[in-house]
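First the structure, in the form of structure tokens, and then the observations on it.
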Amino acid sequence: MSRDEIESVELRATVLCTPQARASKKEKLAELAQLKAKPTEGKRVPVPMADGGTSQEDLGMFWRKIRPNLGPEPSRATTKLSDEEKKPLLQIAWVQEDAAGMTEARDEPRSGRDEIEIWPRSGRDEPR
């Protein structure tokens with residue numbers, strides 16, 4: 001290996017092994033407030049950070065973790081939000097629609113699955 005190749009490999013190793021800065025919850029919430037539509041899970045977008053840099057974040061996953069805060073069961077949220085953090089989100093149309101959908105889904109009657117019990121001797125699902 002030549003010296004240039006060694007330096008190139010070392011540089012790539014340094015870049016790949018250097019921990020990347022992550023955006024804070026506050027920064028992710030600010031970026032969510034800028035979106036015109038619900039974020040897609042698995043798609044990374046640049047989120048500006050306080051230090052002037054950007055971080056590639058999956059806002060769809062972040063939304064999934066904070067979404068229960070706005071529904072009928074806020075205790076189920078993985079990432080908790082204070083009332084002050086919720087207020088700006090509740091002004092966004094797509095957030096309002098999603099939150100209303102959670103409430104409607106909870107109020108709808110459950111499927112026939114509630115009427116099925118497992119028979120002890122066979123372990124199969126059988127109707128009552």
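Every number here is computed from the coordinates shown, using simple stated rules; none is lab data. It should be emphasised that the depicted structure is a prediction, and the values quoted were computed from it without experimental measurement.
A few points about this structure:
- Calculated over the stretch 36-103: convex hull of Cα atoms, volume per residue (Å³): 103
- Fully extended contour minus Cα-Cα distance, from GLU104 to VAL9, at 0.36 nm per residue: 28.7 nm
- Amide hydrogen proximity for GLU57: with H placed 1.01 Å from N in the peptide plane, the residues at 5 or more positions away or on another chain lying under 5 Å are VAL45, VAL47.
- Orientation-averaged projection of the stretch 35-74 equals 3.5 nm² [convex hull of Cα atoms, one quarter of hull surface area].
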